[in-house]
Every structure is written in C-alpha cells, then in structure tokens.
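Undergrad: My questions all concern the structure below.
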Amino acid sequence: MSAPSTPPAVYQRRVDRVREEMVARDIDVVMVSVGHDLPYLTGYLAMPLERLTMLVLPRDADATLLVPELEAPRVVEQPGVFALHPWGELTDPIELVAKLAAGASRVAVGDQMWARFLVELLPQMPGTEFRRAVDVVGPLRMVKDAAEVAALRAAGAAADRVADQLHRGQIPLVGRSEAEVSADISARLIAEGHDKVNFAIVAAGANAASPHHHGGDRVIERGEIVLCDFGGTMAGYCSDTTRCVFTGDVPSEIAEAYAVLHEAQAASVASAVVGTPCEEVDRAAREIIAAAGWGDQFIHRTGHGIGMEEHEDPYIVAGNRRPLEPGHAFSVEPGIYVAGRWGMRLEDIVVATAAGPEPLNASDHRLVSVDA
C-alpha cells in the first residue's frame, strides 16, 4: 500500500537525511526491500513476494525504486524522491540492482531483505562490503516528527477506547474462551479506527504468566486475573497497550503485587526524561519490583520502541545506554509472572519530549474488578 496523504517533501527530507548519514558512515549505497524502511522513505509498503522490490539509494546519484511490473499500479510516485522502474517477468532484477549499485564499496541492506536476494546479489558485487541499513535509517526513524507523534497519539486513543470498554465490563469475559475475547477485542480495535490488528493477547489465570500467550479454547472463569495486551496499525502507525482486570473480588496477594507493578510502571514513565539512558528507564521499574521480592518474576525488558512497526528502536533494556531524545516513542510495560499461577503487566506508550515524558495511553491503570 502507499501513503499519498504524506507530502513528497517529507520523503525528500528523509532521503536527504539518509544521505547525510551515508556520508557520515562512509556508505555508498543503501538498499531496502520489504519492511518499513521502504514506506518510511517512499510511501510504498511492498508486499512480501518472491518477486523483488528494492529501493536503490546511492549517496551521490538519484534513487530508483524497482518493483515487479504487476505491482507498479500500487505505487504512488514521489517526484524528486525516486524514479520508478517496473521490471517484467523475463528480467533479472538482481542484475538491475547490481548495475544501479555498480562501483559501490560499501552497501547497507535492510534487515528484512530476503536472504535469497542477498545471496544472489553477492556474486554480482564481488569485493563489496555489506552492512545493515538499520544503522543508517534506524536513528532517523527513531526520532518521530510532530505528524508521527500525532498519528501515534490517535492510535493510542483508539486503543484506550477499547480498554475503557474492557474496564466497564462491556467485553464479556466469564464463560468465553480466550480466543473468543481476543476476536472481540480485535473487532473493537477495527471499529475504533484501526486499519488492522497486530495482536490481541488474552491470557487468563495461569496463562497470564506467559507474556506472549496465544489465546486458545481455555474458558475464562470467575475469580481470576485476565491480562489483555492489544494493538494495531492506524494510518500507518501502531498502538500497543496492556491492561489487566479481575473477574471478581481481588485477593490480597494479587492486589499487593499489582500495587508494586503500578508503582514501578509509574516510576519508569516518570524517569523517561530527555537525556536519560534507556537502561535507566528499565532500571527504574526493575528496582521497585526487585525490592518487593518479585525481581525474578520480571522476565523481560521494560519496553520497546514503536512507530510504523510495533517493535523497533529504541529498546528500553539493560545495556542500552542510548540517551532519550525528543521524539523517541516507546512502551513502558513491566510485568510480574508467577509460573503456574498468575501474571500481570501494565503498559503505556510514552513519547520523550522537551517538556517531559508524554504517555499516550490514559485508560484506567488500576486492577479493575469486573463482573462480566
């Protein structure tokens, strides 16, 4: 699909910034295929086909977008950004790519390029050093502009409306399977404006101790925690939020653990000021959970970047010393998981701004008791 609503000047600025990064990193050509670097730079989201789609972006020459001829009608051309080159069924597209990149000493390729295409390209470019395009494009995609933040904010608000329905008991739980509730949440995301659903995790009771549980035919009962982690894509940008509810009166052990989780998540969000290393945002949540005795039950990083993809840089994890910049968007989602018994997670999307961290999710953060 293409994104004709974005002005060509936006793509031109992005391409110009990529070329600046190429100069700084001594990269001669950037090649991106399927994945989100391509629509970020051109507005065109390629289908993952066995036929090659490739943007060939030289540092010192015009960019060319190679697409299978039958896909060309789906491309919205961006004058001054790239030249469109459809190729026919009897053409060798790898040979075309090699010609467009002839003489390049260092080429950066996209992470999502299929291995078969790279393997076929290698013998046609002997002596060329290949690197990852994420090192060139990634730092630019990490910093969202005002329009991108607005798109994330709108997607987050739409997801919040579904979370509010969950908290008000408008999404029936007891007596339904996890899969049925997941399908219900998915339909509500679409109804609230999402173009597609990326995931809708519904995990009840002991299943909630598996952070990426796939909902099945397990029926939700009274007297248990239900973890719901859901998000989708809306106008090209992603939502992602996690809320837990309890089907009945909340036991003291669950209430006490959730109070710790709530405190840890709020502290982590508050710590996410510009200039703070990503690992410190992770530490802010982890220290509170560990001090309460649940450290071994917090088994994943605190967060991930978000934008055109649901998971992208920057990652909020120990060892990532990258300082937060204005425009960085990421999740803050600590969790506590007790194998065989229960699990809980609380997640907001946050944008780092000069005025402080801006959470993009405002639905109720409490462990709400629902009789549904």
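Undergrad: Enter the accessible area of residue 196 (Å², nearest 10), with the probe set to 1.4 Å and all protein chains included.
TA: 110
Undergrad: Amide H neighbours of residue 346 under 5 Å, counting only residues 5+ apart in sequence or on other chains, H built in-plane at 1.01 Å?
TA: So residue 346 has HN proximity to no qualifying residue.
Undergrad: Along each of the three principal axes of the Cα atoms of region 224-332, give the extent in whole Å, ordering the values from largest to smallest.
TA: Projected onto its principal axes, the Cα set of region 224-332 covers 41, 34, 20 Å.
Undergrad: By DSSP, what percent of the beta bridges with both residues in the chain are antiparallel, rounded to the nearest 5? Intermediate values should be presented prior to the final figure.
TA: Numbers: 43 of 57 bridges.
Rounded to the nearest five, the antiparallel share is 75 percent.
Undergrad: What relative contact order, as a whole-number percentage, does region 264-316 give when Cα pairs under 8 Å and 6 or more residues apart are counted? Please report the intermediate quantities before stating the final value.
TA: Values: 54 pairs, mean separation 15.6, N = 53.
Relative contact order of region 264-316: 29 percent.
Undergrad: Something else now. Among 352, 158, 63, which one shows the highest mean-square fluctuation when the chain is modelled as a Gaussian network with alpha-carbon springs under 10 Å?
TA: 63
Undergrad: At a 1.4 Å probe radius, carbon and sulfur cover how many percent of the accessible area of the chain?
TA: Numbers: 8190 of 15240 Å².
That fraction is 54 percent.
Undergrad: Shifting gears a bit: Got the relative contact order for region 1-111 handy, in percent, Cα pairs under 8 Å and 6 or more residues apart?
TA: Numbers: 179 pairs, mean separation 34.9, N = 111.
Once divided by the residue count of region 1-111, the mean separation gives 31 percent.
Undergrad: Counting only heavy atoms of protein chains, what accessible area per residue, in Å², does the chain have with a probe of 1.4 Å?
TA: Numbers: 15240 Å² over 372 residues.
Ligands and nucleic acids excluded, the result is 41 Å² per residue.
Undergrad: With only alpha-carbon atoms in the gyration tensor, what are the semi-axes of the equivalent ellipsoid for region 97-141, in Å, largest first? If you can, show how the numbers build up before the last one.
TA: On the way: eigenvalues 73, 32, 13 Å².
Equivalent ellipsoid semi-axes, largest first: 19, 13, 8 Å.
Undergrad: Something else now. What's the Cα-based Rg to Rh of the chain, Rh via Kirkwood? Could the numbers behind the result be given before it?
TA: Working: Rg = 22.7 Å, Rh = 22.1 Å.
Checking Rg against Rh, the ratio lands at 1.03.
Undergrad: Applying the Karplus parametrisation 6.51 cos²θ - 1.76 cosθ + 1.60 with θ = phi - 60° to the phi angles of region 260-275, what ³J(HN,Hα) value in whole Hz is obtained for each residue in order, glycine and proline being reported as x?
TA: In residue order, the calculated couplings are 5, 4, 4, 5, 5, 5, 5, 5, 5, 4, 5, 7, 7, 8, 4, x Hz.
Undergrad: Highest GNM mean-square fluctuation, the chain, Cα pairs closer than 10 Å: which of 259, 285, 355?
TA: The residue that fluctuates most here is 355.
Undergrad: Share of Cα-Cα pairs in region 74-185 beyond 18 Å, in percent? Please report the intermediate quantities before stating the final value.
TA: On the way: 4531 of 6216 pairs.
The calculated P(r) of region 74-185 puts 73 percent of pairs beyond 18 Å.
Undergrad: Give the calculated FRET efficiency between residue 287 and residue 17 to the nearest 0.05, with a Förster radius of 56 Å applied to their Cβ-Cβ distance. Spell out each step's value before the answer.
TA: Details: r = 37 Å, r/R0 = 0.66.
Efficiency, rounded to the nearest 0.05: 0.90.
Undergrad: Can you tell me, using C-alpha contacts under 8 Å and at least 6 residues apart, the relative contact order of the chain as a whole percent? Display every interim value, and only then the final one.
TA: Values: 825 pairs, mean separation 54.4, N = 372.
Normalised by residue count, the contact order of the chain is 15 percent.
Undergrad: If you average the C-alpha positions of region 248-288 and of region 32-51 separately, how far apart do those two centres end up, in angstrom?
TA: Cα centres, region 248-288 to region 32-51: 37 Å.
Undergrad: Separate question: Would you give the gap between the C-alpha center of region 184-240 and the C-alpha center of region 116-151, rounded to a whole Å?
TA: First find each Cα centre; the distance between them is then 31 Å.
Undergrad: Which three extents, in whole angstrom, do the alpha-carbon atoms of region 1-123 cover along their principal axes, largest first?
TA: Per principal axis, max minus min of the Cα coordinates gives 34, 34, 21 Å.
Undergrad: Once you compute Rg and the Kirkwood Rh from C-alpha atoms, what is the Rg to Rh ratio for region 232-290? Intermediate values should be presented prior to the final figure.
TA: Values: Rg = 15.0 Å, Rh = 13.7 Å.
So for region 232-290, dividing Rg by the Kirkwood Rh gives 1.10.
Undergrad: Using the Cα gyration tensor of region 164-211, with a ≥ b ≥ c the square roots of its eigenvalues, what is the shape: rounded (a/c below 1.5), prolate (a/b larger than b/c) or oblate (neither)? Mind showing how you got there, number by number?
TA: Numbers: a/c = 2.11, a/b = 1.39, b/c = 1.51.
Cα axes put region 164-211 in the oblate bin.
The values are calculated or read from the model by the stated rules, or taken from the named source; none is laboratory data. Bear in mind the structure is a predicted one, so any value in this text is a computation, not a measurement. Note that we place each Cβ from the backbone using ideal geometry, even for glycine, and neighbour counts take in every protein chain shown. Note: accessible area is taken over every heavy atom of the protein model, side chains too, but ligands, DNA and RNA are not part of it. Shrake-Rupley method; radii C 1.70, N 1.55, O 1.52, S 1.80 Å.
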